[in-house]
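For reference, the structure is listed below as structure tokens.
The values are calculated or read from the model by the stated rules, or taken from the named source; none is laboratory data. None of these values were measured; they are calculated from a predicted model. Don't worry about glycine lacking a Cβ; one is built from the backbone with ideal geometry, like all the others, and counts go over all protein chains shown. In case anyone asks, the SASA skips ligands and DNA or RNA and just uses the protein heavy atoms, side chains included. Shrake-Rupley method; radii C 1.70, N 1.55, O 1.52, S 1.80 Å.
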Amino acid sequence: MSDLIQAARHLPARPALPTLSVAPIHIPVPGRPRPLALRVTLPVPTLPVPDGGSDPLPVVLLSHGHGPSLYLSSLDGYAPLAGFLAGQGFLVIQPTHASSRSGGLGADAPGAPLFWRMRVAEMTAILDRLDEIAALIPGAPPQPDRDRIAAIGHSMGGQTVGMLLGARLTDPTDPAARDVNLIEPRIRAGVLLAAPGRGGDGLSAHAAAAWPALNPDFSHMTTPSLVVCGELDDNPHLTTMGPAWHADPFHLSPGARALLTLAGAGHGLGGIAGYDAKETDDEDPDRLEATRRLTAAWLRSTLDPTDPVWEQAVAALRAHAPGLGWVEGR
């Protein structure tokens, strides 16, 4: 472990497994003019089971956000998070969304620039084709555990995942987008990382005019969720509410179980989008490690209620690393 990681080393995590990353994998998506490109990252070797296969792996769909870099908002980004989760035993699948600057559908395609509906459709298509995706992994194909599927989204990816968890959306400029419900019942748990908050009075005048689809209704978001916010994540370009805007998915939804606020963090949450990346406004190895460990702990305990690691992690944060952040639960 890096000498730069001090407080976060007290937070529980499994010993890191070696990982394998496979990309690109292409799958068709209904209504998408060209196939969706994916990266799959998983632990190897998986544990043997009597039938000669491998132990089923919990699945994490990871939805990227936007950003100034050409490639991090794609299957080639978020290695600090995807690699860590795979090393903790998860099968991580990353799409290059329609909104990506590299490999996306382009700024003149229908649905641009947010592509909010297509982004959700891309995630659903991954679930529809899990076995096909697994079969393309070299060696013994992994077994996705269909009873343990989670989704994580950062920034605009948080809005995508929020809709999969039950949040609804009304675009006031589009008569066909009224109370849109795209909940995905196969997803059992979600994590929203620096996700957008409510629309309406929560938006700046610029955001309301430029991106009216940033208007979620969290009152229907019922899937168990963890919301992660940066204490200093303030973007007046988007919101009048300051950093508290990113906590809306916790306060306004019935499914959100916990709110993790990272002390001193900006929108990058320590650097989840990439190492030494210009997306990261708050690069800090200790903060990044805390984000990764606490996210993994919450997923483990939520997908397997017999695993007490989330309670252990919250207790460790409070006792040994209070300077990194705090957790509010319900």
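Structural remarks
- Residue within the stretch 169-178 that is within 20 Å of the chain's Cα centre (by Cα) and closer than 25 Å to Ala79 by Cα present: no
- A count restricted to the stretch 164-181 and to residues that are surrounded by fewer than 19 Cβ atoms within 10 Å (Cβ to Cβ) and modelled with pLDDT of 95 or more stands at 5.
- Of all residues in the stretch 249-259 being touching a Phe, Trp or Tyr at 6+ places or on another chain (Cβ under 8 Å) and surrounded by 24 or more Cβ atoms within 10 Å (Cβ to Cβ), the one that is farthest from Asn181 (Cα to Cα): Ala256
- Residues that are in contact with a Lys or Arg (Cβ under 9 Å, 6 or more places away or on another chain) and in contact (Cβ under 8 Å) with a residue 40 or more places away in the chain number at least 1 in the following helices (runs of 4 or more DSSP H) confined to the stretch 118-231: 130-135, 156-164.
- Restricting attention to the stretch 290-312, the residues that are within 18 Å of the chain's Cα centre (by Cα) and either under 20 Å from Gly158 (Cα atoms) or outside any helix (DSSP H, G or I) (or both) total 13.
Condition check ((1) open to solvent by 20 Å² or more (accessible area, probe 1.4 Å); (2) of a type in the set (Val, Ile, Thr)) across all residues:
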{"site": "Gly270", "(1), (2)": "no, no"}
{"site": "Pro285", "(1), (2)": "yes, no"}
{"site": "Thr302", "(1), (2)": "yes, yes"}
{"site": "Val309", "(1), (2)": "no, yes"}
{"site": "Gln312", "(1), (2)": "yes, no"}
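- Criterion applied to Ser100, Ser69 was being touching a Ser or Thr at 6+ places or on another chain (Cβ under 7 Å), touching a residue at least 24 places away in the same chain (Cβ under 8 Å) and part of a loop (DSSP other than H, G, I, E, B), and the one residue passing it is Ser100.
- Filter result for Thr239 (touching a residue at least 60 places away in the same chain (Cβ under 8 Å) and not basic (Lys, Arg)): no
- Single unsatisfied condition, Lys278 versus (1) in contact with a helix residue (DSSP H, G or I) (Cβ under 9 Å, 6 or more places away or on another chain); (2) open to solvent by 10 Å² or more (accessible area, probe 1.4 Å); (3) not polar (S, T, N, Q): (1)
- Given (1) open to solvent by less than 30 Å² (accessible area, probe 1.4 Å); (2) touching a strand residue (DSSP E or B) at 6+ places or on another chain (Cβ under 7 Å), index of the condition Glu231 fails: (1)
- Answer residue from the stretch 203-216, given it is out of contact with any strand residue (DSSP E or B) (no Cβ under 9 Å at 6 or more places or on another chain) and closer than 20 Å to Pro243 by Cα and is surrounded by the fewest Cβ atoms within 10 Å (Cβ to Cβ) among those: Ala205
- Considering (1) assigned to a loop (DSSP other than H, G, I, E, B); (2) on the phi < 0 side of the Ramachandran plot, the lone condition that Gly264 does not fulfil carries the number (2).
- Any hit, the stretch 4-17, residues being at pLDDT below 95, buried (at least 16 other Cβ atoms within 10 Å of the Cβ) and either of a type in the set (Gly, Ala, Ser) or in contact with a Phe, Trp or Tyr (Cβ under 9 Å, 6 or more places away or on another chain) (or both): no
- Scanning the stretch 110-135 for residues that are of a type in the set (Val, Ile, Thr) and open to solvent by 20 Å² or more (accessible area, probe 1.4 Å) turns up just one, Thr124.
- Summed over the stretch 184-202, residues that are open to solvent by less than 70 Å² (accessible area, probe 1.4 Å) and either within 30 Å of Arg146 (Cβ to Cβ) or out of contact with any helix residue (DSSP H, G or I) (no Cβ under 9 Å at 6 or more places or on another chain) (or both) total 10.
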